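Below: one structure, written as structure tokens.
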Amino acid sequence: MNNRRLPGLLLVSPLLLVLLLVFVAPVLLMAPLSLHEYLPGTGVSQQWTLANYTDIVTDEYFREVVLRTLALGFGVTAICLVLGYPLAYYIANAGPTMRLTLTMLVIFPMLLNLVVRSFGWIALLANRGLVNNLLIDVGLIERPIKMMFNLFGLLVGMSHIFLPFMVLMLVPAIQAIPKDVQAAAYTLAASRARVFWSVTLPMSAPGILSGSILVFVLTISALVTPRMLGGPTYKVMATLIYDDFLQTLDWPAGAAMSFVLTGLTLLVIGLSSRVLRRWGGTA
Amino acid sequence: MNDEKGPGPALAAAAIGVIVFLQIPVLVVMLAAFSKTAYLTIPPKGLTLHWFEVVLHDAEYLSAAWTSLWLAAGATAAALLLGLIAAYAIHRRMVPAAAALASLMMAPLILPSVVLGVALLQYYTLTGMRGNSLGLWLAHVVITVPYVVRASLSSLSSVDEALEDAARVLGADGFTSFRLITFPLVKPGLVAGGLFAFITSLDNVPVSVFLLSASQTTLPVKIFTSVEQGVDPSVAAVSTLLIVATGIVLLLAERWTGFHKHV
């Protein structure tokens with residue numbers, strides 16, 4: 001066994017070294033930063049404090065940003081589920097050619113540069129954007145409706161961005177449902193709706209949970225789309241961190257917010273993997 | 001009543017509707033790139049290639065594109081090499097705590113990118129590496145390596161270890177048997193993983209935006225920051241070029257590796 005250890009360590013150590021130096025160390029070093037106060041003009045003080053963390057709970061503005069981020073996470077997840085399930089179901093039951101074509105059309109926007117996709121939504125939702133121009137030309141409205149820099153714009157844009165992830169998680173889950181279970185339900189004279197609610201949907205629950213967790217986590221940690229569609233005023237946690245580090249230079253507050261965001265992400269992933277394991281055990 | 005219930009027409013309509021929804025921003029961007037007006041209307045008022053000409057002669061866009069491509073190529077190459085050899089050692093249980101090591105290598109996928117970005121900003125400021133290309137490259141290796149490790153581990157698990165052992169019995173050394181037996185078998189998965197790594201690097205804003213020096217920028221960061229100063233149709237032209245490039249790469253990758261099976 002020992003004659004395998006040395007080559008093994010040699011193979012692993014280059015990557016391990018990179019990860020320790022450029023991933024683990026930077027994240028750990030942000031912990032002390034988050035425990036100091038930022039004094040405008042002078043910089044980071046030497047005093048230790050928990051204020052950056054307590055502020056997130058007590059300060060009304062911070063609380064609003066955190067709650068908005070979570071609301072956005074739930075909203076986008078729900079929209080992706082409602083839009084993604086029918087498409088995933090259709091793909092799972094389609095013939096091979098149709099399945100490949102549709103899968104490629106789902107993957108394509110996912111591979112496309114995120115900045116480009118977000119820019120597409122700006123072109124659609126801006127005051128002089130396509131949707132407003134169309135509505136005015138048709139005569140439905142007289143003045144442009146505000147569709148960006150608010151919850152609506154972020155919900156629409158981010159649902160579009162993360163929908164492919166949901167679909168790609170749901171398709172294999174739906175495909176894995178044995179066809180004869182559904183056939184048996186039909187034989188027992190269950191209606192199409194009944195089969196869906198009592199057989200298909202519950203049996204695809206693991207896929208629904210995995211897809212939802214993925215979309216939720218991606219949504220609450222997203223920076224690019226909220227910044228491009230929300231602008232500098234309508235903030236979520238990630239854009240607040242961005243401004244703390246690049247605009248106001250209040251690094252300690254940004255560091256604390258970073259740990260809260262990371263904690264939320266790990267909490268959601270941890271909870272869901274426990275649920276999935278329990279389901280896996282009973283199935 | 002027949003046993004086989006195919007999808008009904010309502011479901012088909014819903015599915016097609018969602019597929020269309022997914023392509024809409026893509027079509028809109030392409031439409032905007034050819035428009036003579038700075039804002040968008042349907043039908044477009046006049047078609048022009050003017051914005052492409054502007055972009056292809058813009059030194060800033062060109063240098064941003066080169067920076068992006070070199071960064072992505074360099075990060076992918078390093079991630080492929082480091083990721084594959086580490087995954088091999090983990091797969092063959094040549095190291096202690098193999099499962100924990102694999103988790104560590106996948107961890108950059110879980111940490112929000114913006115958190116890694118700001119953590120590295122502080123770290124590089126402390127160590128005097130702020131604005132350094134080497135630091136940016138290492139950061140991109142970290143964010144791309146999980147895709148390579150994942151692809152390598154899943155490809156390796158489908159390779160019969162007895163094949164490599166047989167080569168060893170026949171006198172090949174460890175490296176030769178890996179090169180001639182295992183590597184060709186994991187190559188398709190590795191190509192797909194490498195492509196994902198490349199696209200991830202090319203797409204990245206949340207890490208790059210904090211680490212770029214004042215004098216250099218990548219293409220997505222340039223678009224990201226220029227949108228804040230107001231939308232210009234040249235952004236649509238750059239985006240259209242990226243859309244076409246992405247489409248071609250996806251089709252080629254599908255032909256070479258059956259890419260959709262690796263997603």
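The values are calculated or read from the model by the stated rules, or taken from the named source; none is laboratory data. Because the structure is a prediction, the values reported are computed rather than measured. In this analysis, Cβ positions are derived from the backbone assuming ideal geometry, glycine residues included, and neighbour counts consider all displayed protein chains.
Which one of A:V12, A:V66, A:V27, A:V22 is within 23 Å of the chain's Cα centre (by Cα), hydrophobic (A, V, I, L, M, F, W, C) and within 10 Å of chain B (Cβ to nearest Cβ)? Give the derivation first.
Working: A:V12 fails: within 23 Å of the chain's Cα centre (by Cα); A:V66 fails: within 10 Å of chain B (Cβ to nearest Cβ); A:V22 fails: within 23 Å of the chain's Cα centre (by Cα).
The match here is A:V27.
Within the set of pairs 6 or more residues apart or between chains, which connect a residue that is more than 10 Å from chain A (Cβ to nearest Cβ) inside region B:129-150 to a residue that is aromatic (F, W, Y) with Cβ atoms less than 6 Å apart?
Hits for this filter: B:R130/B:Y124; B:Y147/B:F196.
List pairs: first residue in region A:81-95 and touching a residue at least 24 places away in the same chain (Cβ under 8 Å) and facing chain B (nearest Cβ under 9 Å), second residue surrounded by fewer than 24 Cβ atoms within 10 Å (Cβ to Cβ) and among the basic types (K, R) anywhere in the structure, Cβ distance under 6 angstrom, at least six positions apart or on different chains.
A:I91/A:R99
Identify, by number, the condition in (1) within 12 Å of another protein chain (Cβ to nearest Cβ); (2) not in a helix (DSSP H, G or I) that A:T200 doesn't meet.
Among (1) within 12 Å of another protein chain (Cβ to nearest Cβ); (2) not in a helix (DSSP H, G or I), the lone unmet condition for A:T200 is (2).
Tell me whether region A:43-60 contains one or more residues that are free of Cβ contacts under 8 Å to residues at least 24 places away in the same chain, more than 14 Å from chain B (Cβ to nearest Cβ) and within 29 Å of A:S212 (Cα to Cα).
yes
It is to be established whether one or more residues within region B:185-192 are of a type outside the set (A, V, I, L, M), modelled with pLDDT of 90 or more and buried (at least 17 other Cβ atoms within 10 Å of the Cβ).
Initial filter on region B:185-192 (of a type outside the set (A, V, I, L, M)): B:187-189.
In the following step, the residues that additionally are modelled with pLDDT of 90 or more were identified as none.
Looking for residues that are of a type outside the set (A, V, I, L, M), modelled with pLDDT of 90 or more and buried (at least 17 other Cβ atoms within 10 Å of the Cβ), one finds none in region B:185-192, hence no.
Determine, yes or no, whether A:T103 is surrounded by 20 or more Cβ atoms within 10 Å (Cβ to Cβ), more than 18 Å from the chain's Cα centre (by Cα) and within 13 Å of chain B (Cβ to nearest Cβ).
Here the answer is yes, as A:T103 does meet what is asked.
Which one of B:V118, B:V95 is modelled with pLDDT of 95 or more and not polar (S, T, N, Q)?
It is B:V118.
Select from region A:121-132 the residues that are of a type in the set (G, A, S) and part of a helix (DSSP H, G or I) and list them in ascending order.
So in region A:121-132, the residues of a type in the set (G, A, S) come out as A:123, A:126, A:129.
Listed by number, the list holds a single entry, A:A123.
Can you tell me how many residues in region B:253-263 are among the small types (G, A, S) and either surrounded by 22 or more Cβ atoms within 10 Å (Cβ to Cβ) or assigned to a helix (DSSP H, G or I) (or both)? Write out each step before concluding.
So in region B:253-263, the residues among the small types (G, A, S) come out as B:253, B:258.
Filter once more, so that each one left must be either surrounded by 22 or more Cβ atoms within 10 Å (Cβ to Cβ) or assigned to a helix (DSSP H, G or I) (or both): B:253.
Counting residues in region B:253-263 that are among the small types (G, A, S) and either surrounded by 22 or more Cβ atoms within 10 Å (Cβ to Cβ) or assigned to a helix (DSSP H, G or I) (or both) gives 1.
Condition check: closer than 15 Å to B:L80 by Cα, hydroxyl-bearing (S, T, Y) and either in the same structural domain as B:L80 (by TED's automatic domain parsing) or surrounded by fewer than 23 Cβ atoms within 10 Å (Cβ to Cβ) (or both). Does B:S201 satisfy that?
yes
Do any residues in region A:107-122 that are more than 7 Å from chain B (Cβ to nearest Cβ) have Cβ atoms under 9 Å from those of residues that are of a type in the set (G, A, S) and buried (at least 24 other Cβ atoms within 10 Å of the Cβ), where the two are at least six apart or on different chains, and which pairs are they?
Final answer for the pair search is A:S118/A:G157.
Can you tell me which residue is surrounded by the most Cβ atoms within 10 Å (Cβ to Cβ) among those in region A:234-266 that are aliphatic (A, V, I, L, M) and farther than 29 Å from A:M147 by Cβ?
Once the filter is applied, the top-ranked residue is A:A255.
Residue-by-condition table, conditions (1) hydroxyl-bearing (S, T, Y); (2) crowded, with 24+ Cβ neighbours inside 10 Å:
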site: B:L121; (1), (2): no, no
site: B:T127; (1), (2): yes, no
site: B:N132; (1), (2): no, no
site: B:G135; (1), (2): no, no
site: B:I143; (1), (2): no, yes
site: B:Y147; (1), (2): yes, yes
site: B:A151; (1), (2): no, yes
site: B:L156; (1), (2): no, no
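How about region A:213-283: which helices (runs of 4 or more DSSP H) wholly inside it have at least 1 residues that are among the small types (G, A, S) and more than 11 Å from every other protein chain (Cβ to nearest Cβ)?
On the way: elements: A:224-230, A:237-246, A:251-282.
The helices (runs of 4 or more DSSP H) meeting that bar are A:224-230, A:251-282.
Select from region A:207-231 the residues that are over 30 Å from A:I174 (Cα atoms) and out of contact with any Ser or Thr (no Cβ under 8 Å at 6 or more places or on another chain) and list them in ascending order.
A:G231
For every residue, the table says whether it meets (1) within 24 Å of the chain's Cα centre (by Cα); (2) of a type in the set (K, R).
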{"position": "B:L126", "(1), (2)": "no, no"}
{"position": "B:V149", "(1), (2)": "yes, no"}
{"position": "B:A166", "(1), (2)": "no, no"}
{"position": "B:K187", "(1), (2)": "yes, yes"}
{"position": "B:F224", "(1), (2)": "yes, no"}
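Out of (1) at the interface with another protein chain (Cβ under 8 Å from one of its Cβ atoms); (2) assigned to a helix (DSSP H, G or I); (3) within 30 Å of B:R130 (Cα to Cα), the odd one out for B:L250 is which?
Going through (1) at the interface with another protein chain (Cβ under 8 Å from one of its Cβ atoms); (2) assigned to a helix (DSSP H, G or I); (3) within 30 Å of B:R130 (Cα to Cα) one by one, B:L250 breaks only (3).
Can you give me the number of residues within region B:91-106 that are more than 7 Å from chain A (Cβ to nearest Cβ) and hydrophobic (A, V, I, L, M, F, W, C)?
The total comes to 6.
If you go through region A:154-166 one residue at a time, do you hit one that is surrounded by fewer than 22 Cβ atoms within 10 Å (Cβ to Cβ) and within 14 Å of A:L125 (Cα to Cα)? Spell out the reasoning first.
Filtering region A:154-166 down to residues surrounded by fewer than 22 Cβ atoms within 10 Å (Cβ to Cβ) leaves A:155-156, A:165.
Applying the additional criterion that residues be within 14 Å of A:L125 (Cα to Cα) yields A:155-156.
Yes, region A:154-166 contains at least one residue that is surrounded by fewer than 22 Cβ atoms within 10 Å (Cβ to Cβ) and within 14 Å of A:L125 (Cα to Cα).
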